[in-house]
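Asks: Submitted below is the structure of interest, expressed as structure tokens.
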Amino acid sequence: MQPHPWQAPQWRQLIAAKQADRLHHALLLDGAQGLGKRDFAEAFAAALLCAAPDEEGVACGKCKGCLLFKAGTHPDLHLIAPEEAGKDILVAPIREHVQRAGLSSQLGGYKVTLIDPADAMNLSAANSLLKNLEEPVSWTVMLLISAHPSRMLATIRSRCQRLQFAPPSPELALEWLQRQGVVDGRLLLGMAGGAPLRALALNDDGVLAMRREALSDFLGLLEGRGDAVEIAGRWEKHDLERLFYWMSGWLIDILGLSSGGARSPANPDMVERFTALAARLDGRALFSLLDKVHEGRRGLRGSLNPRLLLEDLLLAVVQCAKVSGGNR
Amino acid sequence: MKIVINRDAVLEPLQLVAGVIERKQTLPILSNLLFICDGEEAEIVGTDTEVEMRARIPLVSGESGSFTLPAKKFTEICKTISEGDEIRVDVGTDRAKVNAGKSRFSLGVLDPSDFPSLETTAPINRITLEEATLKQMVEKTHFAMAIQDVRYYLNGMLVDIQEELVATVATDGHRLATNRTACSNETPGQILVPRKAVLEITRLLKDRKGMVEMDITATHVRLQIGNVTFISKLIDGRYPDYNRVIPREMGEPITADREALRQALIRTSILSNEKFRGINIEITKDNMKLLAHNPEQEEAEEEVEVEYDGERLSVGFNVGYMIEVLGAIDEDKVQLWIANSQSSCLLRGYNNEDSRYVIMPMRV
């Protein structure tokens with residue numbers, strides 16, 4: 001298991017710390033979604049549990065530790081994730097982990113704990129981890145993964161060494177995407193905010209069709225056509241997290257174009273239509289719409305009714321188009 | 001590969017090994033038993049990644065090799081077929097056929113190389129004790145271990161190996177129990193055995209004369225008891241210096257009849273605060289008065305005859321701790337040392353200096 005090419009600096013930093021025996025016991029892997037933080041964490045966990053890593057520190061894949069790692073039965077690796085994707089990490093698995101954390105490792109090497117996503121820990125789960133996070137026994141490494149570290153307790157963040165991941169340069173990302181067999185790399189990368197793994201996940205005809213449909217609905221509303229409630233009914237079935245992410249991307253592009261268009265657009269294929277809209281719509285209304293999209297994205301994690309959330313947002317889009325129409 | 005085993009010869013070791021497997025498992029392989037066969041005997045291995053149990057069973061016939069079987073289902077099958085039956089196990093790539101008498105079963109198997117069994121490393125220390133002695137050392141102290149304490153090193157038992165003796169120590173910060181036995185050792189050292197393993201060991205040890213070997217590696221402890229091998233991880237931590245907690249036998253001891261005192265404490269405890277279990281003890285010459293009251297202002301008072309010739313003392317204790325200690329002592333008479341109302345209490349059986357117990361006082 002190797003880290004992705006754009007993660008080389010972080011990898012070198014950790015391997016150097018490990019070789020110098022200065023590895024911090026709690027690492028917070030922080031960066032936008034789709035940058036391969038989980039892959040990185042798994043590669044590093046494998047390297048820690050491997051008996052004979054190569055000169056770059058990558059796990060050998062042949063020793064007992066590596067074989068158990070691959071089978072997913074390594075006794076010194078502890079994975080903590082929400083029971084259902086999108087839900088909180090509850091206190092029970094954290095308590096169980098803390099109970100076992102004081103024990104010696106089974107294969108005599110490192111003990112690795114991986115918490116993904118770390119910001120999903122609820123308040124009591126996070127609090128029961130604190131003591132362990134502060135004073136772990138020797139040879140313990142905890143890897144916390146989060147795309148939204150600000151949602152975590154400050155007391156957790158301050159006990160971790162932060163390892164930041166930024167989107168790779170477009171050239172590096174495009175080259176990697178090409179090697180994965182992606183044809184339309186530039187468009188996908190733009191849609192994914194520069195995150196290569198996210199772009200790869202978008203490389204699917206269904207997703208592209210969905211984007212086309214959603215985009216035409218959305219632009220239709222902004223141009224004063226279409227029925228917001230009917231559209232909300234259709235959108236409800238899709239991946240809402242993704243839709244909200246796209247909407248914020250579209251709005252940012254329109255806003256960018258209305259103020260001169262210096263920034264490279266996330267949706268290179270739509271520049272013309274966006275420019276027309278940018279000239280017509282009221283900037284203030286667009287900004288408040290963007291706020292609403294962000295607010296909606298946060299709301300998705302809670303227990304709000306997604307249908308109502310969508311209707312509320314799309315009616316706001318209609319409103320934005322109306323306000324702008326009145327101004328002109 | 002195929003093996004044939006006799007139901008009666010394997011049932012008991014099978015149940016023993018399957019006993020360490022946890023019912024709720026996140027990793028499917030952990031709900032399986034590993035069989036390592038050498039043609040004449042098979043070793044069965046069960047683990048929950050914290051403790052591992054191995055037992056040797058005789059084979060009627062069979063090949064060499066290893067495989068896994070679902071622990072609970074296979075144990076149930078062995079338990080429910082008729083006594084004396086021979087069980088034939090024929091393991092294929094993803095199914096194992098189990099035949100016994102007229103019953104036929106087909107069980108799912110998993111790759112034995114994925115089984116997280118322990119590598120046997122050379123021990124760095126070894127102590128040898130009589131089985132009954134070790135059992136006593138564990139039983140006289142284990143009740144004082146902490147349960148789910150954040151001070152993780154208290155959730156277990158200390159085995160303190162000194163040149164002339166071996167001592168077991170357990171404490172939860174409120175009370176402490178220690179037992180020692182003479183035993184000459186070349187390499188002194190300390191190990192911390194986790195709570196779960198200690199409880200498992202108490203089930204394995206019997207009042208037998210034979211010797212038990214305890215092998216200690218850097219990360220594990222291994223006990224060989226008859227044909228069963230028990231291996232546990234160790235707690236990776238430093239135990240507090242327990243000798244500093246044990247008060248010296250200063251001043252006048254209070255000598256009491258153990259059973260009479262225990263019964264009196266049990267009666268008094270009925271009206272103590274259910275949560276904090278505090279009672280007051282007033283000691284005057286040759287008399288001990290136990291006082292308890294609860295939030296409803298109900299009161300209990302009891303007097304016990306003791307031998308004491310010292311100053312008047314008044315001190316509060318958790319009655320549950322006292323009852324547990326008196327239950328662990330074998331002698332008919334017990335001795336208590338209490339220096340003053342703020343100091344901890346030292347208890348031990350009359351003239352038995354090997355088992356000592358310390359209870360911290362509480363304000364009642």
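Asks: Take B:G84 and tell me if it is exposed (fewer than 13 other Cβ atoms within 10 Å of the Cβ), small (G, A, S) and away from chain A (no Cβ under 14 Å).
Replies: So B:G84 passes the test.
Asks: Follow-up. Tally time: how many residues in the range A:71-107 are at the interface with chain B (Cβ under 10 Å from one of its Cβ atoms) and at positive phi?
Replies: 1
Asks: Look through A:A32, A:A59, A:A51 and report the one residue that is surrounded by fewer than 20 Cβ atoms within 10 Å (Cβ to Cβ), closer than 19 Å to A:Q106 by Cα and modelled with pLDDT under 95.
Replies: A:A51
Asks: Can I ask one more? Of the numbered conditions (1) assigned to a strand (DSSP E or B); (2) under 21 Å from A:G102 (Cα atoms); (3) open to solvent by 20 Å² or more (accessible area, probe 1.4 Å), B:T168 fails exactly one; give the number of that condition.
Replies: So B:T168 meets the others, but not (3).
Asks: Quick one: which residue in B:E130, B:E163, B:E119, B:E186 is under 27 Å from A:R100 (Cβ atoms) and open to solvent by 20 Å² or more (accessible area, probe 1.4 Å)?
Replies: Checking each option against the conditions leaves just B:E119.
Asks: For the range B:17-30, which residues satisfy the criterion of being more than 14 Å from B:D111 (Cβ to Cβ) and crowded, with 18+ Cβ neighbours inside 10 Å?
Replies: Correct list: B:V17, B:A18, B:V20, B:I21.
Asks: Kindly provide the set of residues from the range B:221-238 that are closer than 19 Å to B:V169 by Cα, open to solvent by 20 Å² or more (accessible area, probe 1.4 Å) and part of a loop (DSSP other than H, G, I, E, B), ordered by number.
Replies: Within the range B:221-238, B:D236, B:G237, B:R238 meet the criteria.
Asks: Could I ask something else about it? Within the range A:169-189, count every residue that is open to solvent by 20 Å² or more (accessible area, probe 1.4 Å) and of a type outside the set (K, R).
Replies: Counting residues in the range A:169-189 that are open to solvent by 20 Å² or more (accessible area, probe 1.4 Å) and of a type outside the set (K, R) gives 12.
Asks: Exactly one condition in (1) more than 14 Å from every other protein chain (Cβ to nearest Cβ); (2) touching a residue at least 24 places away in the same chain (Cβ under 8 Å); (3) within 30 Å of B:L234 (Cα to Cα) is not met by B:V91; state its number.
Replies: Every condition holds for B:V91 apart from (3).
Asks: Among B:E324, B:E296, which is the only one that is outside any strand (DSSP E or B) and under 26 Å from B:N352 (Cβ atoms)?
Replies: Of the residues listed, the single one that is outside any strand (DSSP E or B) and under 26 Å from B:N352 (Cβ atoms) is B:E324.
Asks: For the range B:192-220, enumerate the residues that are in a strand (DSSP E or B) and in contact (Cβ under 8 Å) with a residue 60 or more places away in the chain.
Replies: B:P194, B:M211, B:V212, B:E213, B:M214, B:D215, B:I216, B:H220
Asks: If you go through the range A:266-274 one residue at a time, do you hit one that is closer than 21 Å to A:G296 by Cα and in contact with an Asp or Glu (Cβ under 8 Å, 6 or more places away or on another chain)?
Replies: Scanning the range A:266-274, I find at least one residue that is closer than 21 Å to A:G296 by Cα and in contact with an Asp or Glu (Cβ under 8 Å, 6 or more places away or on another chain), so the answer is yes.
Asks: Among the residues of the range B:31-47, write down those that are within 15 Å of B:A71 (Cα to Cα) and surrounded by fewer than 19 Cβ atoms within 10 Å (Cβ to Cβ).
Replies: Within the range B:31-47, just B:I36 meets the criteria.
Asks: Being touching a residue at least 60 places away in the same chain (Cβ under 8 Å) and either open to solvent by less than 60 Å² (accessible area, probe 1.4 Å) or out of contact with any Leu (no Cβ under 8 Å at 6 or more places or on another chain) (or both), is that true of even one residue in the range A:205-218?
Replies: Yes: the range A:205-218 contains one or more residues that are touching a residue at least 60 places away in the same chain (Cβ under 8 Å) and either open to solvent by less than 60 Å² (accessible area, probe 1.4 Å) or out of contact with any Leu (no Cβ under 8 Å at 6 or more places or on another chain) (or both).
The values are calculated or read from the model by the stated rules, or taken from the named source; none is laboratory data. This is a predicted model, so every value here is computed, not measured. Quick reminder, even Gly has a Cβ in these numbers, built from the backbone with ideal geometry, and neighbours come from all protein chains shown. Quick note on the areas: whole protein, heavy atoms, side chains included, nothing else; ligands and nucleic acids left out. Shrake-Rupley method; radii C 1.70, N 1.55, O 1.52, S 1.80 Å.
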